[in-house]
1. Using a probe radius of 1.4 Å on heavy atoms only, what accessible surface per residue do you get for chain B? Whole Å² is fine.
2. I need the chymotrypsin sites (Phe, Trp or Tyr not before Pro) found in region B:15-112, filtered to DSSP loop residues with at most 14 other beta carbons within 10 Å of theirs.
3. Size of the dipole of region B:1-93 about the Cα centre, Lys and Arg at +1 and Asp and Glu at -1 on the beta carbon, nothing else charged, in debye to 20?
4. In debye to the nearest 20, how big a dipole does chain A give about its Cα centre with +1 on each Lys and Arg Cβ and -1 on each Asp and Glu Cβ?
5. Bin width 5 Å, origin at 0, all Cα-Cα pairs of chain B: what percent of pairs per bin?
6. When only DSSP loop residues count, what GluC sites (Glu not before Pro) in region B:1-68 have their Cβ near at most 16 other Cβ atoms within 10 Å?
7. Enter the buried accessible area of the A/B pair, total of both sides, probe 1.4 Å, in Å² rounded to the nearest 100.
8. With a bin width of 10 angstrom, please list the P(r) values of region B:61-112 as percents of all Cα-Cα pairs, from the 0 bin to the one holding the largest distance.
Amino acid sequence: DAGITQSPRHKVTETGTPVTLRCHQTENHRYMYWYRQDPGHGLRLIHYSYGVKDTDKGEVSDGYSVSRSKTEDFLLTLESATSSQTSVYFCAISEGRKGTSGGKTYEQYFGPGTRLTVT
Amino acid sequence: QKEVEQNSGPLSVPEGAIASLNCTYSDQGSQSFFWYRQYSGKSPELIMFIYSNGDKEDGRFTAQLNKASQYVSLLIRDSQPSDSATYLCAALLRGGSYIPTFGRGTSLIVHP
């Protein structure tokens, strides 16, 4: 397994409370991502990072913020958790490698996930 | 809208048979394609990637890419009950994109 850990692995919290999920990697990969996965929706990108302090929004970023102060850590914060944010959250990492036609390609490796329940 | 489409299944095959999983994509600029296996309650695991037209084999797995028809498939030979999982297809645009587009996955059930 790629060296990716997520903490906590399970969390139950109440509506309106702040929650921070942590992703830690030991692969020194440049790119990091946060996804949520819900039945019927597949994987949806929340935020991603292309370097230290460089982040951008994905398709479902409302209600979430991120920070990356070190290469190895990518934090996802729910400022005020809502029941609609009950989900399984996956962190992923990637690094450019040479693909065809001289270009680069990026294979993603996923962490073990965090199951978050907002009551 | 870039899309990757997969039949949600479930695809049910007997043990020892060939399982064929298919994926189509809408963006002709897609360059790289990935297959992930996800067991229930676990995270996606990369099992195959393919960049060039044709077949790529790795053990019991074969990935097939046809860029003209915009489809990629995964064949699993000698299917085992342990292959029962959801298989996710992902596509990556050429030009340095590092954000893949995922399909919603196909559930595979291999019955003894």
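1. On the way: 5230 Å² over 112 residues.
Accessible area per residue, chain B: 47 Å².
2. Numbers: sites: B:Tyr25, B:Phe33, B:Phe34, B:Trp35, B:Tyr36, B:Tyr39, B:Phe49, B:Tyr51, B:Phe61, B:Tyr71, B:Tyr87, B:Tyr98, B:Phe102; in loops: B:Tyr39, B:Tyr51, B:Tyr98.
Here the chymotrypsin sites (Phe, Trp or Tyr not before Pro) that fit, given the DSSP loop and packing criteria, are B:Tyr39.
3. Working: 7 positive and 10 negative charges, 23 e Å.
The dipole of region B:1-93 has a size of about 100 debye.
4. Values: 14 positive and 13 negative charges, 39 e Å.
Charge dipole of chain A: 180 debye, to the nearest 20.
5. Pair shares across the bins are 2, 13, 24, 25, 19, 10, 5, 1, 0.
6. Values: sites: B:Glu3, B:Glu5, B:Glu15, B:Glu45, B:Glu57; in loops: B:Glu3, B:Glu15.
Passing sites in region B:1-68 are B:Glu3, B:Glu15.
7. Details: alone 6570 and 6200 Å², together 10880 Å².
So the total buried area for this chain pair works out to about 1900 Å².
8. Calculated P(r), rounded to whole percents: 20, 45, 27, 8, 0.
The values are calculated or read from the model by the stated rules, or taken from the named source; none is laboratory data. Just so we're clear, the structure is a prediction, and the values are computed from it rather than from any experiment. Glycine also receives a Cβ, built like all others from the backbone with ideal geometry; neighbour counts cover every protein chain displayed. All accessible areas refer to the heavy atoms of the entire protein, side chains included, with ligands and DNA or RNA removed. Shrake-Rupley method; radii C 1.70, N 1.55, O 1.52, S 1.80 Å.
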